[in-house]
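This report concerns only the one structure given below.
The values are calculated or read from the model by the stated rules, or taken from the named source; none is laboratory data. Only a predicted model underlies this, so the values are computations on that prediction, with no experimental measurement involved. Positions of Cβ are backbone-derived with ideal geometry, glycine not excepted, and every protein chain shown enters the neighbour counts.
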Amino acid sequence: MVLHNEQSEAFAAWLPQCRWFSAKNIPDFKRHMRSIDYIDISDHPEGGESLKLAVIRVEIGRGVTTFLAPVLVHFNQHSIMECRDAATDPTMSKWLLDLIQSGRSLQTAAGTFVGHSVDQHKGQFSTIDCTSALSENASNTSVLFTTRDAYKNSVGYVSKLFRTYHIGIQPEVEVGLHLAQNGWVGAPPLVGWLEYIPTGEEQGGAVATVHEALTPTTDAWTYSIKTLSEDRHASDTLLCVATRVGILTADMHTVLANSQSSPAFSPVTPSDEEIRENSHIMMDHAQSVWDLLSTANVPSPFQQRVRAVLTQQQRLMETLEAVAHLEQTAAYIRVHGDYHLGQLLIDQSHKTFHVVDFEGEPGRTLEERRRKTSIFKDLAGMSRSFEYLCHRTENRAPHVEAADLTRAFLKAYSDKANGQCFYPDTKDEAEKLLNAFMLDKAIYELAYEAQYRPDWLDTPLTAVENFLRTGCFLVV
């Protein structure tokens, strides 16, 4: 149902306080809110509370964006509605896993929720033991929860709730199914997903996924930071990590280029028009960043350096434009799309690595995230992640250089991927593509840091300044 006005007022006052929603920076939220539908999930064990899933429609620009928020609702002694986020609540996890594993549909006034299970014959769980938040940002919230099956065995899962709803094919689901069909063990297995079809719409979209949990693990970024601060042999340890990540990445791309189970993953030889389009996408993106930086409130220590980069933006644009005229032999394939050390899990024995989060860059449309492109998008993302690891002062350790880690990563990758349709035939092509995609990534970082982490601007600024001075990021 749509909330009564006084309830909408209470909810509208609470929602912008939520960390995931406040990052969206929607001014005058109450004025832009069009409706809130509450889907009843269940009465909550705690007295007087009920658990609901709020479907919030907000007018942004010329369109309406839909957000999702599990919320615990109760009325205080003054009959005023109070809310708190319920993404990590065990009842929410139980509701989600039950719909997915059973494959049931739930009809509501707002629309229909449909559960999809990868393995319909998998045993059903009996209860949720515990839950804990793994990560939360403006895009999604991931939760680790433990269940008991019919035989009282403990089974762990990780759910991901997509806070912003999009109609269409979600890459997290599409890629998860593809990896499962190909039997790839380099990513946590997809258990299933929850689809939401709004009332009046023929097509839906995923609102949540559930994967099998890999525990105990730590992400490669956290592990690498700890290694830099505690390991006397940090250089050797991280060079080994970089090498193994290179091999894992080549394996991932090989599977993503396998079209036997799905033609949607067929590699394509880029036409001249597609190559030009890729170059123009980079250039348009760069121009939007220059416009942002020219008006951004840049911290004073970086203002002069940012202005110096802006005066040479034409040189940077020419580098991106040159990609349009590069004769490319490497096929375009589906890639991870948002690849960095934080997207890798390492088990506690450091024997296996796993890739997570295949949803792509959340700020892009589903169509953009599903578009086939050069594997150097992923290679540049990971290479820049090594630069972030080593550049910041608190992360420095003797004899650990980002360039060394990147070279180890790229060598291991090329040794494994050389001869594949998605890898260039010549070293010159590989170097030019790597530099173009690394420049594109560094420009993206300039915009991100300027908006969200101004104190971190030094890392991408230094990279762009070095590129302007030397004409390259790294020789492969």
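Of the residues examined, Ile281 is one that is free of Cβ contacts under 8 Å to residues at least 40 places away in the same chain and within 24 Å of Glu367 (Cβ to Cβ). Among the residues of segment 414-431, not a single one is in a helix (DSSP H, G or I), within 22 Å of the chain's Cα centre (by Cα) and in the same structural domain as Gly363 (by TED's automatic domain parsing). Only residues that are buried (at least 19 other Cβ atoms within 10 Å of the Cβ) and of a type in the set (D, E, K, R) were counted in segment 296-349, giving 2.
Within segment 201-240, being assigned to a helix (DSSP H, G or I) and basic (Lys, Arg) holds for one residue alone: Lys226. Screening Asp119, Asp89, Asp98 for residues that are in contact (Cβ under 8 Å) with a residue 60 or more places away in the chain and acidic (Asp, Glu) leaves exactly one candidate, Asp119. The requirement of being part of a helix (DSSP H, G or I) and free of Cβ contacts under 8 Å to residues at least 24 places away in the same chain is fulfilled nowhere in segment 245-256; no residue meets it. Name the single residue that is surrounded by the most Cβ atoms within 10 Å (Cβ to Cβ) among those in segment 78-120 being β-branched (Val, Ile, Thr) and in a strand (DSSP E or B). Among those residues, the one meeting the criterion is Val114.
For segment 407-453, residues that are closer than 13 Å to Ser374 by Cα and basic (Lys, Arg) total 1.
Only residues that are aliphatic (A, V, I, L, M) and more than 24 Å from the chain's Cα centre (by Cα) were counted across segment 50-88, and they come to 5. State whether one or more residues within segment 390-399 are within 30 Å of Ser229 (Cβ to Cβ) and β-branched (Val, Ile, Thr). Yes, segment 390-399 has at least one match.
Test Ala442 against the criterion of being part of a helix (DSSP H, G or I), in the same structural domain as Val268 (by TED's automatic domain parsing), among the small types (Gly, Ala, Ser) and crowded, with 20+ Cβ neighbours inside 10 Å, and give yes or no. Answer is yes for this residue.
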